[in-house]
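**Student:** Here you go, one structure.
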Amino acid sequence: MMGSQIVAGLDIGTTKVCAIAAEVNGKGMRILGMGSASSTGLRKGLIINIDATVDAIKKAVKECETYSGTKIRSVIAGVSGSHIEGFNSAGLVGVRKKEVSFADVDHAIDSAKTVHIPLDREILHVIPTEFVLDEHEGIADPIGMSGVRLEARVHIITGAVSPIHNLVKCCEKSGLGVADIVLEPLASARATLTQEEKEFGAVLVDIGGGTTDIALFKDGFLRHVSVLGIGGAHLTNDIAIGLRISMYEAERLKKNFGAAVTGIITDDAEEIQIKHTGDKERSIPKKYLAEILQPRCEEMLTMIKEAVKECYGYELATCGIVLTGGCALLDGMDKMAEAVLGLPVRIGVPSNVTGLNARMANPMYATGVGLIAFNKTSMSNRIFLPDVVSGVFVMMKDWVKGVLQ
Ligand SMILES: Nc1ncnc2c1ncn2[C@@H]1O[C@H](COP(=O)(O)OP(=O)(O)OP(=O)(O)O)[C@@H](O)[C@H]1O
Ligand SMILES: [Mg+2]
């Protein structure tokens, strides 16, 4: 493997931990293998049990090593949770030599960063969205242009300090170094959004087990990110309560027979077998499940609609919504999303990476696949403009160093 490097992504989700190893060289990236283990140490994207999380990480990494024939020493880890917040800021500077230099751009971005951040929060990413040079808006790369006043408009993403410390701690306790930490919606977007969608505007909605990540892209940049504490666990819980069955059985029914909307069940008479504790079985109409799930799906999508409205998604997302995460697999979820949100919806499956197999080409693994794209080798030929991701990479890396010191 001359000139190649092994990189690994680690998605520590509320319902599963997923490790993906890839070989990276100057020509591109090839996935070598994946490992996945169910996760019980998180709630709503936050680690609440270190030992359970470490166990799941070790299992997922071991399986990934077996499949890929590699040894994983460090990972690019994803971070999410409702502690993540984003807001816009701007910084204005005078151009020193009448022609914009790297230093001018740096100063403008630094000036945009001088905002009050509470002590228990950290800036994770500062993502330039556009520059304004002497009132001329919409400039992606001002370097070399003539002007007097340069304004950097940025999107700042912050997160609470302790959840990230816990994330790093879990990786280290599992014997892994943390090469970088990347915001999960950025990783999911990387794996599922097309260049056209990022350019013309799209909202990525990743509905996982405990969290829903929302990220708006426009003109090639991330414009907004928010994380809602809702996910598939709510649906499972509703089934368990509604039918008085275990969470395990409710999860099985949801995945095998669930539907987001009653209208797609064509055969009203179709029955399914359900198991109560003590192995007592009975049959219920399949439609009952959809009747339980539909109001919760509507509620979740209404919350998502509010978040899309708040970030001006209706004005900016010309290409509509890309729905990913495990809940995108629920039968009829895309149709229901289209009806509630009133925007075109497509299911986002990881793509455009060599070595993806049928198991990985699943919305559940969008974050894991996307994470490996944030490796140094693939990023090295990018300065922070115009691709948002490299800026994130540098910022995040510096910040991680701070955390680990
Ligand atoms: N076929 C399916 N039908 C319905 N729901 C499904 C299906 N497959 C998986 N899910 C649901 O998707 C959810 C898991 O999705 P995902 O793996 O994206 O979450 P996660 O990354 O573990 O959690 P989070 O991102 O919220 O921390 C679970 O609630 C699971 O029940
Ligand atoms: Mg997830």
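**Student:** Quick check on residue 35: is it under 19 Å from the mean Cα position of the chain (by Cα), over 17 Å from residue 210 (Cβ atoms) and away from ligand 1 (no atom under 13 Å from the Cβ)?
**Tutor:** yes
**Student:** Suppose we filter 110, 106 for residues that are outside any strand (DSSP E or B), touching a residue at least 12 places away in the same chain (Cβ under 8 Å), closer than 30 Å to residue 141 by Cβ and more than 16 Å from ligand 2 (Cβ to nearest atom); which single one remains?
**Tutor:** One residue alone meets the criteria, 110.
**Student:** Here is a follow-up. Just to be sure I understand the filter: pairs with C-beta atoms under 8 Å, separated by 6 or more residues or on different chains, first member in region 357-372 and part of a loop (DSSP other than H, G, I, E, B), second member more than 11 Å from ligand 2 (Cβ to nearest atom) and open to solvent by 20 Å² or more (accessible area, probe 1.4 Å). Which pairs pass?
**Tutor:** The qualifying pairs are 361/349; 361/351; 362/329; 362/349.
**Student:** Within region 347-377, which residues are closer than 30 Å to residue 289 by Cα and surrounded by fewer than 19 Cβ atoms within 10 Å (Cβ to Cβ)?
**Tutor:** Selection gives 347, 358, 359, 361, 362.
**Student:** Moving to a separate point now. Take region 247-273 and flag every residue that is outside any helix (DSSP H, G or I) and loosely packed, with under 13 Cβ neighbours inside 10 Å.
**Tutor:** 266, 267, 268, 269, 270, 273
**Student:** Which of the residues that make up region 50-73 are in contact with a Leu (Cβ under 8 Å, 6 or more places away or on another chain) and either surrounded by fewer than 21 Cβ atoms within 10 Å (Cβ to Cβ) or of a type in the set (Phe, Trp, Tyr) (or both)?
**Tutor:** Result: 67, 69, 70, 73.
**Student:** Considering each residue of region 39-83, count those that are part of a helix (DSSP H, G or I) and either closer than 23 Å to residue 124 by Cα or not aromatic (Phe, Trp, Tyr) (or both), and give that number.
**Tutor:** Restricting attention to region 39-83, the residues satisfying the condition of being part of a helix (DSSP H, G or I) are 50-68.
Subsequent filtering for residues that are either closer than 23 Å to residue 124 by Cα or not aromatic (Phe, Trp, Tyr) (or both) retains 50-66, 68.
Summing the residues that are part of a helix (DSSP H, G or I) and either closer than 23 Å to residue 124 by Cα or not aromatic (Phe, Trp, Tyr) (or both) in region 39-83 gives 18.
**Student:** Here is a list: 340, 308, 322. Which entry is part of a helix (DSSP H, G or I) and open to solvent by less than 10 Å² (accessible area, probe 1.4 Å)?
**Tutor:** Only one candidate passes the filter, namely 308.
**Student:** Now a separate question. So which residues in region 181-228 are over 15 Å from residue 13 (Cα atoms), in a loop (DSSP other than H, G, I, E, B) and out of contact with any helix residue (DSSP H, G or I) (no Cβ under 8 Å at 6 or more places or on another chain)?
**Tutor:** Those that are over 15 Å from residue 13 (Cα atoms), in a loop (DSSP other than H, G, I, E, B) and out of contact with any helix residue (DSSP H, G or I) (no Cβ under 8 Å at 6 or more places or on another chain): 193, 194.
**Student:** Still on this structure: Based on this model, can you work out whether residue 150 counts as among the aliphatic types (A, V, I, L, M), buried (at least 24 other Cβ atoms within 10 Å of the Cβ) and either within 16 Å of ligand 1 (Cβ to nearest atom) or not in a strand (DSSP E or B) (or both)?
**Tutor:** It is false that residue 150 is among the aliphatic types (A, V, I, L, M), buried (at least 24 other Cβ atoms within 10 Å of the Cβ) and either within 16 Å of ligand 1 (Cβ to nearest atom) or not in a strand (DSSP E or B) (or both).
**Student:** Among (1) touching a residue at least 24 places away in the same chain (Cβ under 8 Å); (2) within 21 Å of residue 235 (Cα to Cα); (3) of a type outside the set (A, V, I, L, M, F, W, C), which single condition is residue 306 missing?
**Tutor:** (1)
**Student:** Among the residues of region 271-307, write down those that are under 30 Å from residue 317 (Cβ atoms) and of a type in the set (Lys, Arg).
**Tutor:** Scanning region 271-307 gives 296, 305.
**Student:** Shifting gears a bit: Considering only residues that are out of contact with any Gly (no Cβ under 7 Å at 6 or more places or on another chain) and open to solvent by less than 20 Å² (accessible area, probe 1.4 Å), look in region 98-118 and name the one that is nearest to residue 223 (Cα to Cα).
**Tutor:** Once the filter is applied, the top-ranked residue is 105.
**Student:** Name the residue, out of 91, 86, that is within 20 Å of the chain's Cα centre (by Cα), more than 16 Å from ligand 1 (Cβ to nearest atom), small (Gly, Ala, Ser) and closer than 24 Å to residue 123 by Cα.
**Tutor:** Being within 20 Å of the chain's Cα centre (by Cα), more than 16 Å from ligand 1 (Cβ to nearest atom), small (Gly, Ala, Ser) and closer than 24 Å to residue 123 by Cα holds for just one of 91, 86, which is 86.
Yes or no, residue by residue, for (1) at pLDDT 95 or above; (2) within 20 Å of residue 224 (Cα to Cα); (3) open to solvent by 40 Å² or more (accessible area, probe 1.4 Å):
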| position | (1), (2), (3) |
| --- | --- |
| 96 | no, no, yes |
| 120 | no, no, yes |
| 154 | no, yes, no |
| 171 | yes, no, no |
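**Student:** With 176, 186 as the choices, which residue is open to solvent by less than 30 Å² (accessible area, probe 1.4 Å), closer than 24 Å to residue 302 by Cα and not hydroxyl-bearing (Ser, Thr, Tyr)?
**Tutor:** Only one candidate qualifies: 186.
The values are calculated or read from the model by the stated rules, or taken from the named source; none is laboratory data. All values derive from a computational prediction rather than experimental measurement. So basically every Cβ, Gly included, is an ideal-geometry build from the backbone, and we count neighbours across all protein chains shown. For the accessible areas, the whole protein counts, side chains as well, though only heavy atoms, and no ligand, DNA or RNA atoms are used. Shrake-Rupley method; radii C 1.70, N 1.55, O 1.52, S 1.80 Å.
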